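Below is one structure, written out as structure tokens, with a few remarks after it.
No value in this document is a laboratory result; all are computed from the given coordinates. Source: prediction; values computed, not measured. Neighbour counts run over all protein chains shown; Cβ positions are idealised from the backbone, glycine included.
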Amino acid sequence: MALRVAIVGDSAMWGQGIAVEHTFARLAATRLAQLVDQSLDILPGLGAEPGRGHSRSGAKIDAAVDDPERDVDVVLPSGAVTREAAGDRVDFCEMFGSEFDDDAEMRGFLDGVDDRPAAGLFGENPATFPTVTTQVRQLVGSELGATVDVLLIDGWDQ
């Protein structure tokens, strides 16, 4: 039987600049599996290095809103325009609009429901997305989330 471990969080879990096998999360998970005499199964994440779990270097607990009273126009992939509170999510859409396949996908991102379009970007470069909150949501919402034995999590609000 395998000890199924999920890893979510920021650079402390990602292991900024460290080979995956030397990260805190991997060493802790390996030790826990040894203590219970089981093999280790790290649930793969969505990003460029699935062996690091769902974590992302630079992830915030949740995306910041600059000013909830100040809305800005965001151009959706179809060319339609929506008004959104200025902040991290709008900034990402403006910078990486090409990462979204359609309006529904960008709306899901803007609403904080799905950070998947950002998961494959950046690699070792710190980035807000996927946020820790969304990492947890995606894990809980997946069939893999039902089979987690241990959750290693870290995060801070910048």
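Between ASP111 and ALA28, the simple label model (points 7 Å from Cα in the Cβ direction) yields a spacing of 3.3 nm. For the pair the stretch 22-77 / the stretch 99-123, the C-alpha centres are spaced 15 Å from each other.
Only Lys, Arg, Asp and Glu carry charge here, each on its Cβ (+1 for the first two, -1 for the last two); on that basis the stretch 71-111 has a dipole of about 100 debye about its Cα centre.
Please rank PHE129, PHE24, fewest neighbouring Cβ atoms within 10 Å first, as an exposure proxy.
Fewest-to-most Cβ neighbours within 10 Å comes out as PHE24, PHE129.
Toward the positive end of the charge dipole of the chain, with +1 on the Cβ of Lys and Arg and -1 on the Cβ of Asp and Glu, the farthest Cα among THR128, ILE18, VAL65 is that of ILE18.
Sparse packing (at most 10 other Cβ atoms within 10 Å of the Cβ) combined with a DSSP loop state is found for the following GluC sites (Glu not before Pro) in the stretch 68-123: GLU69.
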